[in-house]
């Protein structure tokens, strides 16, 4: 019996070097991006009200956000600490991954009157960059449609407090808006499916 | 030798109805065939390749889901003893009275099964037979091509004299969320104002490095609000706070100075359930009205029985790329049970490890090259009802070891300037990670 069990060990040990690879390829876009999902949802479709959906952002939008987190230009809690862990090549690969994911529509409680008001304003003031009701973005403009209202409000507060810098083109328009107008816009974008 | 002979016999021997004599009649890799023969197979394996996942927690549920997401031709059977899972992360908030029941931290598996075709088997795993590639459960044997073990932790009770099952009902550990969590909460509610709560923490490594300190916060918060004459004493086996140290100390000073007392290098080795006492290194005795004993830990018992633990007899060494056990072929170990280098034993680490493992398991099964790991840990600890602190890091593999990426990661600012935001973000962390596991 002793010998037979030893044999099992030898057989397993011999087979073992085949299974466990000594040389693995560098992390793929999936390897890098799946790790984000614990906070941002599977394939970047967020269920958490203060966490943005990353799915379907353009690569340029994702890369711009990550680089600003990394440099500290964009304020954050954990994102700055995490973004520093990735090279430009990593960030580009993750940008490709999230750009390929399907748009993530959300169902959330919004104020119908605000949505209507916001829709008119968005068409007039925002649609040049926030294309197709915010489902797409020009260049590095992020996807606004269906983002959680809580998240949008937190970002608006960061803009209004000066902690997050707004693109000049956006500031020209945003700064003219009343508090109510701004809120209406957020309700509108949150409602778009 | 890959296989420890003693544990091999133990594994086989613990399979119900298996005669050890049967082992000797077999040769080579077929040695364990009797285990299969004597334990009736449940879910007989067809022609499809199969991954079996043991455990439906932060690691297991994600591993099962991602294997299916990556390759629908691979059958996945996830074996979990309960029909639901209660999260340890955020369970301290329930203990502190910030959550009225465990519903927000409880998940079920029906959507995971329906959305991804994961076959969920509710059963207790009683043995693993690596040679026969079979898992023996309370409901029958299940064969696998590759096995992913995410068994969590069990306690090293031999290092905590007197802490048996009966003692746990008097002095709860609440380190596996569920009935124990509720018991600790009830004891705090029943305690008189002016009582003493004792929390004991084990030497690292253990599940959730900041967990004991967050628990101290949540218990202190409850007592401060409802029983302000009470005291909380933490007896920590570690020489000093072993996670987010400066942040926790500031939190205690600013919020709980009159209630909470931290005592480092106080290793509790014995308990006296009758009088609710704990004994430090066999000498000093400390008595409490409520005593929360967090014992030293090791990988879940089934991982020990399967011969997966390393020289330390406690944790499972793994290949840092595939999370395949270095002790048993075709068995991968993730989550708290494994040794994942710099990655802490946290829920988020288990989630991240599960995905790394799933990707490389699928690659190996398809004869494709494996991919170096890239992982994340993000972990929040509550300090007050609306303040939390965090640790976050990105992990990579370097010279065969999992390490944090240099010049990245870290903890919250020491001035607590982000603590209110982090308490808000932490709720989305919970929502997303539990949604990921359950849909």
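What follows draws every value from the coordinates through simple rules; no lab data is involved. Since the model is a prediction, treat every value here as computed from it, not as a measurement. Neighbour counts run over all protein chains shown; Cβ positions are idealised from the backbone, glycine included.
Can you give the angle from 0 to 90° between the axis of helix B:245-255 and the longest principal axis of chain B, with both taken from C-alpha atoms, to the nearest 10?
Once rounded, one gets 40 degrees.
What distance in nm separates the simple spin-label points at residue B:165 and residue B:301, each placed 7 Å from Cα in the Cβ direction?
0.8
Over what distance in Å are the Cα centres of segment B:373-439 and segment B:259-290 separated?
32
Using only Cα atoms and rounding to the nearest 10 degrees, what angle (0 to 90) does helix B:419-438 make with the longest principal axis of chain B?
For B:419-438 against chain B, the angle is about 20 degrees.
Return the FRET efficiency for the residue pair residue B:312, residue B:157: r is the Cβ-Cβ distance, R0 is 22 Å, and the value is rounded to the nearest 0.05.
Calculated value: 0.85.
Take peptide B:421-430, look around each residue's Cβ out to 10 angstrom, count Cβ atoms belonging to other protein chains, and average those counts.
If you average over the peptide's residues, the count of other-chain Cβ atoms is 5.
Can you order the peptides B:197-203, B:328-334 by their average number of other Cβ atoms within 10 Å per residue, highest first?
Ranked from most to least packed, the peptides come out as B:328-334, B:197-203.
Between residue A:180 and residue B:420, what is the spin-label point distance in nm, taking each point 7 Å from the Cα along the Cα→C-beta axis?
Modelled inter-label distance: 2.7 nm.
Quick one: P(r) of the protein assembly as shown from all Cα-Cα pairs, 20 Å bins, percents rounded to integers, in order of increasing distance.
19, 49, 29, 4, 0
In peptide A:40-52, how many Cβ atoms from other protein chains are near each Cβ within 10 Å, on average? Display every interim value, and only then the final one.
Numbers: counts 4, 7, 10, 2, 0, 4, 4, 8, 11, 5, 8, 6, 1.
Going residue by residue through A:40-52 and averaging, the value is 5.
Taking 0.36 nm per residue of sequence separation and subtracting the Cα-Cα distance, how much length would be gained by fully extending the chain between residue B:287 and residue B:82, in nm to one decimal?
Once the chain is fully extended between residue B:287 and residue B:82, it gains 70.3 nm.
Highest first, please rank the peptides A:67-78, B:68-79 by the mean number of other Cβ atoms sitting within 10 Å of their residues.
Per-residue Cβ counts within 10 Å, averaged per peptide and sorted highest first, yield B:68-79, A:67-78.
Ignoring everything except DSSP H segments at least 4 long, calculate the 222 nm mean residue ellipticity for chain B; use -39,500 (n - 2.57) per segment, divide by total residues, nearest 500.
-9000 deg cm²/dmol
Would you please put A:181-189, B:239-247 in order of how densely packed they are, using the mean number of other Cβ atoms within 10 angstrom per residue and starting with the highest?
With the highest mean Cβ count within 10 Å placed first, the list reads A:181-189, B:239-247.
For chain B, modelled as a Gaussian network with Cα springs under 10 Å, which listed residue fluctuates most, B:148, B:402, B:42?
Of B:148, B:402, B:42, the most mobile in the Gaussian network model is B:42.
May I ask for the angle, rounded to the nearest 10°, between helix A:88-100 and the longest principal axis of chain A, with both axes built from Cα atoms and the value confined to 0 to 90°?
70
Across peptide B:394-402, what mean number of C-beta atoms from other chains lies inside 10 Å of a residue's C-beta?
Partner Cβ neighbours, averaged per residue: 2.
To the nearest 500 deg cm²/dmol, what mean residue ellipticity at 222 nm is calculated for chain A from DSSP H runs of n ≥ 4 alone, each contributing -39,500 (n - 2.57), summed and divided by the residues?
Per the formula, -16500 deg cm²/dmol.
Among B:255, B:238, B:103, which one moves the most in a GNM of chain B with springs linking Cα atoms closer than 10 Å?
Of the options given, B:103 has the highest mean-square fluctuation.
Just to be sure I understand the model, the point goes 7 Å from the Cα along the line to the Cβ. What's the resulting residue B:108 to residue A:163 distance in nm?
The modelled label-to-label distance comes out at 3.9 nm.
Can you give me the orientation-averaged projected area of the convex hull built on the Cα atoms of segment A:105-193, in nm²?
Its average projected convex-hull area is 5.2 nm².
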